[in-house]
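Reading through the structure tokens given below for one structure.
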Amino acid sequence: MSLPKTFPLKAANGTTIEIPSVGYGTWSSGENDWAKDATLTALKEGYRHIDGAWMYGVDESVGAAIKESGIPREEIFVTSKAWPNFFAPENVEICLDHVLKATQLDYIDLFLVHWPVTFKPISREALLKAQTGHGKSQEDKGILQENGAIVVDWGHTSTPIARKAGHEGSFVPTWKAMQELVKKGKVRAIGVSNFSIADIEELLPHSKEIPISCNQIEVHPWLPQTELIEFARKHDILTTCYSPFAGQKKDGQTLLKDGTVLALAEKNGMDVGQILQSWAVQRGTVPLGKSATPSRIKSNLQVRKLSDEDFKALDALKLEGDEGRTVNPSKTWGVALY
């Protein structure tokens, strides 16, 4: 049985736009310089949703792939994200302009703030010259450091996070700056990434005309994030899912080699990535699987509806606490995000 090809995405002034229900993720693809070829393969195989971010350092490659594909721009849904050192309200547009210049696109379909925490920049001039991607330093990215540690701008950090760290802050001014990008026509919709329920609640009163369209979070059977997804759905916020194949547990086990996943994939005539993407779409969320292998890029797009029994079997793989989490910046930045 088939699953939806698109989901409605709430946009400005009560309108909706369609977002493809499966996206192609480009996170970390710049490390081996295969972003252009992989993105071009994805587009040729039928993907019409490309997920990127300024931090990934692949904007030029993604833009080149879109141009070379020959597919009309309006048929491709492009997501990007601003990194936290651009989150002071006067600097948000700088990050977007970097993305537009590198991709050679006139607009971004969905622009997200990457995290609910803000970093202090070295200076506005440093942000204007900022570069990112594999091998670039925090200084190259325009991020201020003291004694080798990133300096947090608590005043523009989400209130719940700032207060947990003993500071006062608010993400509202940054969010209002994001809304201005919609009014200027540079982006069609805006949203957040890695936001908790409390982080989202801070913004809801300020999101009437230009809403929170999306929350992009890590989601897979080990980390289903059901409560957060249901909260978002209640407020017409779509959830997009990075790392839908998860990473490694402390003992080295991976979800792609989990016995239940392998058995269900074989039972359904799918490969493991395909069944995990199918599970995500069946939940009403958008998976953003990534691969450099052409055959897997193709199969990851071919989602199919699972039986209730098989769907529930994947649900049952949930791990307790943060055991299944792939990305936990609290350990890197010393900021209590979760």
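The values are calculated or read from the model by the stated rules, or taken from the named source; none is laboratory data. Since we're looking at a predicted model, the values are computed, not measured. Counting neighbours? That spans all protein chains shown, and the Cβs are built from the backbone with ideal geometry, glycine included. When the accessible area is computed, the model is the full protein with side chains, heavy atoms only, and any ligands, DNA or RNA have been set aside. Shrake-Rupley method; radii C 1.70, N 1.55, O 1.52, S 1.80 Å.
Some notes on this structure:
- Shown for segment 6-332: the carbon plus sulfur share of the solvent-accessible area, taken with all protein chains present and a 1.4 angstrom probe, equals 47%.
- Between helix 172-183 and the chain: long-axis angle, C-alpha atoms, 0 to 90°, nearest 10: 70 degrees
- Helix 272-282 axis, angle to the chain major axis (alpha carbon atoms, nearest 10°): 70 degrees
- Only DSSP H runs of four or more residues enter the estimate; each adds -39500 (n - 2.57), and after division by the residues of the chain the mean residue ellipticity at 222 nm equals -9000 deg cm²/dmol.
- HN-Hα J in Hz across segment 105-119 - Karplus 6.51, -1.76, 1.60, θ = phi - 60°, x for Gly and Pro: 9, 8, 7, 10, 6, 9, 10, 10, 8, 6, 8, x, 10, 10, 9
- Net charge contributed by nearby residues that have their C-beta within less than 13 Å of S193 (K/R +1, D/E -1): -2
- Helix 59-69 and the longest principal axis of the Cα set of the chain meet at an angle near 50°.
- Stretching the chain fully between Q138 and E74 yields a gain of 19.6 nm (0.36 nm per residue, less the alpha carbon separation).
- The convex hull defined by the C-alpha atoms of the chain has an orientation-averaged projected area of 16.3 nm².
- Under-5 Å amide H pairs with L3, H placed in peptide plane, nonlocal only: K305
- Summing charges over neighbours of K164, with a neighbour being any other residue whose Cβ is under 15 Å away from its Cβ, gives -3 when K and R count +1 and D and E count -1.
- Take segment 6-332 with all the other protein chains still there, run a 1.4 Å probe, and you get 43 Å² of accessible area per residue.
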